[in-house]
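The structure appears below as structure tokens.
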Amino acid sequence: MIKISNVRKSFDELEAVENVSINVNKGSIYGLLGSNGAGKTTLLKLITGIYVQDEGLITIEDQQVYENPEIKNKLFFIQDIPFFLPQYTVKQMAQFYENIYPNWDQKRYEELVRVFEMNVQKKIHKFSKGIQRQAAFILGLSTKPDVLILDEPMDGLDPVMRKKVKSLLIEDVADREMTVLISSHNLREVEDICDFVCIMHKGRTIIEKELDDLKSDTHKIQLAFNGPIPQGIFENIKVLHKEKRGSILLFILNGKEEEIIADVKKYNPVIFDILPLTLDEIFIYEMGDVGYAVQNILG
Ligand SMILES: Nc1ncnc2c1ncn2[C@@H]1O[C@H](COP(=O)(O)OP(=O)(O)OP(=O)(O)O)[C@@H](O)[C@H]1O
């Protein structure tokens, strides 16, 4: 659906996006995560055709986005500071979008106005930050986009509204295979709705993986042996982290659970436990030497 291949974008000397390649499948909710200044917003502005890349290719449904009104009509971008025309009310913005977006759905708009209990007659700039964001969601979802792109979408929303917005997104993904790309600093905020995640750091992608794969491929193991650590253990398994806590050895391993169990059992441990890993821990260990960035992402 969205294909980004070897994309670069610099501002003067600074390379904000360095050789990034990612794929976002139709009907998925894709989380673009990363530390401050990682290049997330720049990448979203490239995808939505606000910026043009210095190198590489960006396509949505195999068509380039930049200066392509046909594709732009199928996507909606809610920026970190949502865009509204000055002095406009929600009703006026709705009329504006109705004229631009061919798929504008008036019935859906009225329904969403009811759900959010939105005052459509009030000038938007007089609303609080959170209500302005709600107005952006009402308008964005009423354009019935094939692709919805969200930059820090939950900023300023209270927990009830976050839940409401998440369930509306899931509804549109399930009903009509809308594709959603969400950028966020905060992994915990989006992990319950994303099926794919990508972590960016300093303009590059560090991990791009299906969330379930990430969870099922990483394991925390506690082990103890009568005597020293046997030679050869985990020779063919990727060890992300190893530490000793008294007589207990703690390993973070990347691999299939059955293979790990089979390997361990060859060495007759006196203690052997497989413990669940939180997503936070997975990211910390996977990213290893960029641990500082992970702390930021995990907030
Ligand atoms: N228009 C611009 N002109 C010059 N530099 C820019 C511009 N936009 C972004 N940058 C720089 O590019 C880098 C990436 O910025 P970007 O806003 O894409 O990061 P981000 O991951 O969205 O960060 P944050 O999470 O803090 O919003 C930063 O170093 C930023 O200062």
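All of the numbers you see were taken from the coordinates with simple rules; none came from a lab. Because the structure is predicted, anything quoted here is derived from the model rather than measured. Because the Cβ atoms are built from the backbone with ideal geometry, glycine has one as well, and the counts that use them run over all protein chains shown.
So what is Rg over Rh here for the chain, counting just Cα atoms and using Kirkwood for Rh? Spell out each step's value before the answer.
On the way: Rg = 22.8 Å, Rh = 21.3 Å.
For the chain, the value is 1.07.
So what is the 222 nm mean residue ellipticity for the chain from helices alone, if each DSSP H run of at least 4 adds -39500 (n - 2.57) and you divide by all residues, rounding to the nearest 500 deg cm²/dmol?
Details: 11 runs with 102 residues, N = 299.
Taking each H run of at least 4 residues, the total per residue is -9500 deg cm²/dmol.
Principal axes first, then extents: for the Cα atoms of the stretch 63-168, list largest minus smallest coordinate on each axis, whole Å, largest first.
Principal-axis extents of the Cα atoms in the stretch 63-168, largest first: 37, 25, 25 Å.
Could you put His241, His185 in order, starting from the residue whose Cβ has the fewest other Cβ atoms within 10 Å? Numbers along the way, then the final one.
On the way: His241 14, His185 18.
Ordered from fewest to most neighbouring Cβ atoms within 10 Å, His241, His185 come out as His241, His185.
Let me have the relative contact order for the chain, percent, based on Cα pairs under 8 Å that are six or more residues apart. The partial results should precede the final answer.
On the way: 540 pairs, mean separation 63.4, N = 299.
With pairs under 8 Å counted, the relative contact order is 21 percent.
Net charge near Ala174: determine it from the other residues with C-beta under 14 Å of the C-beta of Ala174, scoring Lys and Arg +1 and Asp and Glu -1. Working shown, then result.
On the way: positive: Lys26, Lys166, Arg176; negative: Glu171, Asp172, Asp175, Glu177, Asp195.
Taking every Cβ under 14 Å from that of Ala174, the sum is -2.
When the chain is modelled as a GNM with alpha-carbon springs shorter than 10 Å, which of Asp155, Asp175, Asp12 fluctuates the most?
Asp12
Suppose every K and R has +1 on its Cβ and every D and E has -1 on its Cβ; what is the size of the dipole of the chain about the Cα centre, in Debye to the nearest 20?
Working: 36 positive and 45 negative charges, 175 e Å.
Roughly 840 debye for the chain.
What does the convex hull of the Cα atoms come to per residue for the stretch 1-153, in Å³? Could you put the intermediate results ahead of the total?
Numbers: hull volume 19.3 nm³, N = 153.
Output value, Cα hull per residue: 126 Å³.
Could you tell me the distance between the Cα centroids of the stretch 266-282 and the stretch 16-56, to the nearest Å?
The stretch 266-282 and the stretch 16-56 have Cα centres separated by 35 Å.
Given DSSP loops and a limit of at most 12 other Cβ atoms within 10 Å, what is the longest stretch of the chain that contains no such GluC sites (Glu not before Pro)? Kindly include the intermediate steps, with their values, before the conclusion.
On the way: sites that count: Glu13, Glu67, Glu117, Glu235.
Formally, the longest exposed-site-free interval is 118-234.
Please build a GNM for the chain, connecting alpha carbons under 10 Å apart, and tell me which residue among Gly34, Gly232, Gly255 fluctuates the most.
Its mean-square fluctuation being the largest, the pick is Gly232.
Springs between alpha-carbon pairs under 10 angstrom, Gaussian network model over the chain: which of Ala38, Ala16, Ala224 fluctuates most?
Ala224
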